[in-house]
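Written below as structure tokens is the structure these notes are about.
Only the coordinates and a few stated rules stand behind these numbers; no lab work does. Please read all numbers here as calculations on a predicted model, not as lab measurements. As a convention, Cβ positions derive from the backbone with ideal geometry for all residues, glycine included, and neighbour counts pool all protein chains shown.
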Amino acid sequence: MKKKLLSGIFVLCVLLPVISQESDDLLEADDLSSLFDVSEEENDDLPSIEDLFNKDSDTEEDGEESQDSGLSVLESLTSKTGYTFELRYAFVGGLSPGWGETPWNSGETPPDDGDGYSKGYTTVYGADIGSKAILDLQLTRNFRVKQSYAFRFPDFDPSISEFWGSYNLNNIMYMRMGLQNIKWGLGRNYSYTNVLTRLPADAEKGGDSFSFLMDIPMGLGGVQLLALARSGFSSGGLDDMTASDVGYGIKYNYASEFADLNIGSFFHQDMPLRTVASVTRTLWDRTEVYAEGLWAVDYENFADHTYSFSFGFFDSFFDDKLYFNTEYYWNGEETIYYVDDDESLIILEKAPFIYGHNIAWNLVYRPIKGNSLNLFCRGMYNINENTAKVVPGVRYKPMKEITLFLSVPMALGDRDGTYYRNNYDDKNRPFSITFGVRFDGSYKQASYK
């Protein structure tokens with residue numbers, strides 16, 4: 001994992017849309033972009049939830065390319081040869097004073113768990129610079145290639161976030177192969193159903209993934225077939241993989257006027273067989289309700305299994321000035337291994353995937369229509385441990401290229417709870433104040449014939 005120069009909340013609140021490392025899979029636990037999806041015309045007026053909370057994500061700007069489906073039938077019928085070239089830049093700076101104990105517990109000694117817990121007062125100063133180049137080529141009517149390269153301070157070593165080719169076989173089948181962003185599940189607050197990022201418990205590293213995807217339309221839905229290899233699946237990496245090191249998945253989607261249903265299973269010989277399902281429905285043309293579930297079973301002993309499920313809703317009020325989302329999540333898995341953001345490390349995750357009953361909420365308020373001022377608050381709470389992490393804040397955009405941030409991440413509940421030591425701050429400070437400023441912009445050129 002690349003060393004962060006700012007505290008975790010600074011990185012979480014100051015989105016760098018120019019950097020992406022399979023962010024649809026991993027942010028993961030924090031990927032809420034679909035809650036606040038808007039059209040291009042509204043994009044400058046309404047902040048997405050990922051603008052406020054997520055890091056290293058470009059899902060909203062990339063659109064369907066970051067999703068798990070191929071080109072639509074309409075796109076394939078109207079596609080022409082040509083290219084789209086885009087450059088994105090971001091320059092971020094700020095500071096974050098923080099404390100190793102909350103003000104209401106200042107007279108007590110902070111717990112020491114031996115995991116780099118920050119004690120006492122610290123101030124983090126920092127800067128981050130990043131750029132991303134995206135080349136999207138429609139080589140023929142049916143064959144398309146996309147490449148994305150990112151550069152980031154301080155090393156500026158190039159990294160590849162996407163490199164894939166897709167082929168449309170007469171609108172009967174859509175195939176895509178390469179380094180691509182594939183996401184299963186909704187991942188509103190807890191991305192536990194994105195099982196494609198999971199790793200065996202004895203894996204020594206994460207690593208990039210290489211996958212082959214096949215989408216077959218069927219009426220109002222379709223079937224997706226998937227073969228995925230990851231260097232973390234084999235001690236020798238991708239070069240030494242055999243067929244037994246590859247994971248295989250199948251997913252079915254059915255979209256009707258009533259609801260959108262997805263159900264899929266992913267199998268790898270060194271991991272439990274995991275089956276996931278999700279359903280979403282829009283009520284009264286404005287309220288989105290959704291539910292997800294996961295069943296994990298040892299394929300050699302079906303009596304050994306666990307289950308998890310969640311449900312929630314998203315709505316807007318007061319002429320779209322207030323946006324609210326809340327979700328309940330029961331986690332039946334005590335430990336979760338998955339690939340980290342930069343795909344180089346394994347995470348044995350306990351937060352936010354804490355065992356037991358969990359609640360999450362997201363709130364965004366725009367007192368004035370437009371994108372000039374936004375108040376937000378996000379939080380997660382685990383009932384079993386009585387532990388919570390909360391981050392209220394303000395985002396102000398005085399000009400199109402400039403964004404100012406102020407946030408106050410904090411930990412609440414029992415001092416020995418998971419979130420007190422694993423919160424929105426990378427230094428695990430339970431109380432801090434973050435100031436940040438971001439300058440960003442992009443250039444795009446397209447030509448088709």
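Close amide H pairs (under 5 Å, H built 1.01 Å from N) link GLY126 with GLY94, residues at least 5 positions away or on another chain.
Given the range 384-449, report the % of alpha carbon pairs whose separation exceeds 18 Å.
Values: 1153 of 2145 pairs.
Considering the range 384-449, 54 percent of its Cα-Cα pairs are separated by more than 18 Å.
Given axes a ≥ b ≥ c from the Cα gyration tensor, I'd like to know whether the range 116-208 is rounded (a/c under 1.5), prolate (a/b larger than b/c) or oblate.
Working: a/c = 2.71, a/b = 1.60, b/c = 1.70.
Taking the square roots of the gyration eigenvalues as a ≥ b ≥ c, the range 116-208 is oblate.
Specify whether the C-alpha gyration tensor of the range 146-196 places it in the rounded, prolate or oblate class, a ≥ b ≥ c being the square roots of the eigenvalues: rounded for a/c under 1.5, otherwise prolate if a/b is larger than b/c and oblate if not. Cα axes put the range 146-196 in the oblate bin. Residues whose amide H lies under 5 Å from that of ASP208, counting only those 5 or more places away or on a different chain, are SER231; hydrogens are built 1.01 Å from N in the peptide plane. If you take all other residues with their beta carbon under 11 Å from the beta carbon of PHE266, and give Lys and Arg +1 and Asp and Glu -1, the sum is +3.
Rounded to the nearest 0.05, what FRET efficiency do TYR254 and LYS369 have when you use their Cβ-Cβ distance and R0 = 51 Å?
It comes out at approximately 0.90.
Sorted ascending by nearby beta carbons within 10 Å, beginning with the fewest, TRP330, TRP284 become TRP284, TRP330.
Past the 30 Å Cα-Cα mark, which pairs from LYS132/LYS400; LYS251/LYS444; LYS397/LYS444; LYS183/LYS449; LYS80/LYS132; LYS183/LYS389? Provide the component values of the computation, followed by the final result.
Numbers: LYS132/LYS400 19 Å; LYS251/LYS444 34 Å; LYS397/LYS444 22 Å; LYS183/LYS449 32 Å; LYS80/LYS132 25 Å; LYS183/LYS389 26 Å.
Beyond 30 Å: LYS251/LYS444; LYS183/LYS449.
Here ASP136, ASP320, ASP304 are placed in order of increasing Cβ neighbour count within 10 Å, fewest first, which gives ASP304, ASP320, ASP136. For TYR299, neighbours were defined as the other residues whose beta-carbon sits under 14 Å from its Cβ, and their charges (Lys and Arg +1, Asp and Glu -1) total -3.
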